[in-house]
Amino acid sequence: MAIDQKTICMSTATSTDLAFYLLPSELLQDIFLRLALPDILRLKSVSRNLNSFVSRDDFRQIYDRKSTADPWIFLFKKRSPPRDSLLRGFSHRSRCWCSIPIPRAFHGHDLYFLTTSGDFFLFASNYHGDLLAFNLRRNTLERVPPAGPLGPRGTSSWRRSSLKLIAGPPGSDAFSFLFADLYRNRPFLFRYSSATQAWTWKPAQEAADDGAAPRVLNGRVVLSVVHNRGESVMVSADPAEIGDAPPAVLRPRFGAVGNASAVGLVSGSSPEERLHVYGDGKMVVVRSDGGKKVAGGRIFRCVEVWGLTADGRGWEFVTRVPQGLLERVKKPYRAMMGCLEERNGVLSLVLLSNYKGSWDIIWLSYGIGNGDWTWVPLPDCGTKDLNMAGIAISSGLCLLTDFSVPSSIVQKPARRALVGLPT
């Protein structure tokens, strides 16, 4: 008797179910909790029984508690027509990029991806000069009006290090969006609350120059305003608008802590041979070889991390990427940008470089507690001739929302093991 392909597939699925359900449920749960979110979503498509197992409320709640700290990279690829644009996500525990569906309401906008937090993704619209907040879990879209006195802003007006999206409080569908900018030649903090659907803005106060170290860093958000050769202007603010504590102006300078290396940062190499990446009160300096250009490009030779001093008045050296690890990841580039975020004691650095029309993404993590550097190899996501329209680092995605993991976007799987070297 002939057996068709559908019968074979059903038999295979049934055998898979039987093999799994011969195992104790506690062991199954322990196995599945070790999987990355994209692998869990694939598992749900294997059979109804496995889908039922990982869809149980108790499993989802346990998995969400364990996975909310997992860092993710999100990359927005602009295409023409706009409805074909793609938002990709990659977790350090995954093997491939995931595709996150873009709502139809986005199709009429020329978008730039700004930032993300939890289940919220924030985009800037070039057509209207406003912001669009997408709630992945609810599949809803919220238009954020222009920020008070500043009015509509084009995508080029936004700087990644000057803004912060904060999802929560937990259990709610609310978010806050903070950014710092100059208004009437003064640093201002602008804050939008989705709960009230309104903006507030306050001038940042200069710290008293009385020798006492102000409490400007503990538990506060640090946003960039202006970075010059010798001095930066930053704003420190409470993430939640509680109490009457005003935002504070920080003016960190190189050499303020008597560090000779800091002075060398300013005078040691030309600006075109350095890239500064700011985020969460940290600064990464990428130094390149000015005299060793490769076919019109250059190669970076040193990656350093600097942090704010306790009083926010200076920069102090923290660490640098070990040379052995640097040799494994460095490649020629003509243009480079980066994003930087500190979360749960881990500093995540993503460098996105372009060389001869191809984009390359390097993801490095630094454990502040143990001093270990880690390189997360990434699979290719179609970076040839990429029209990149935003990249961000975040965490907090959960099983409450399903998004697709198409096999067509996986061209080369990443290695499962992370590669790290101690400093």
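The values are calculated or read from the model by the stated rules, or taken from the named source; none is laboratory data. Just so it is clear, the model here is predicted, and its values are computed rather than measured. Surface areas here come from the heavy atoms of the whole protein model, side chains and all, with no ligands, DNA or RNA. Shrake-Rupley method; radii C 1.70, N 1.55, O 1.52, S 1.80 Å.
Note on F120: accessible area is roughly 20 Å² with a 1.4 Å probe, heavy atoms of protein only. The solvent-accessible area of L141, taken with every protein chain present and a 1.4 Å probe, is close to 70 Å². Treating each Cα of the stretch 105-148 as an identical point scatterer and summing with the Debye formula, the log10 of I(q)/I(0) at q = 0.23, 0.27 Å⁻¹ comes to -0.76, -1.00. Legend: residues E142, E26, E316, sorted from most to least accessible area (1.4 Å probe; ligands, DNA and RNA excluded), read E26, E316, E142. For the stretch 153-164, backbone phi angles converted through the Karplus equation (6.51, -1.76, 1.60; θ = phi - 60°) give residue-by-residue couplings of 10, x, 5, 6, 7, 8, 10, 4, 6, 9, 9, 8 Hz, Gly and Pro being listed as x. Estimated at the nearest 10 Å², the accessible area of I102 is 40 Å² with a 1.4 Å probe. Take the residue pairs K78/K202; K77/K164; K164/K330; K66/K331; K164/K202 and return only those whose Cα atoms are more than 23 Å apart. Long pairs (Cα-Cα over 23 Å): K78/K202; K164/K330; K66/K331. Give me the percent relative contact order of the stretch 276-387, please, defined on Cα pairs under 8 angstrom at least 6 residues apart. Worked out over the stretch 276-387, it gives 18 percent. Shape call for the stretch 46-105 from the C-alpha gyration tensor, a ≥ b ≥ c root eigenvalues: rounded (a/c under 1.5), prolate (a/b greater than b/c) or oblate? Prolate, since a/c reaches 1.5 and a/b exceeds b/c. For the residues R301, R143, a 1.4 Å probe over the protein chains yields an accessible-area ranking, largest first, of R143, R301.
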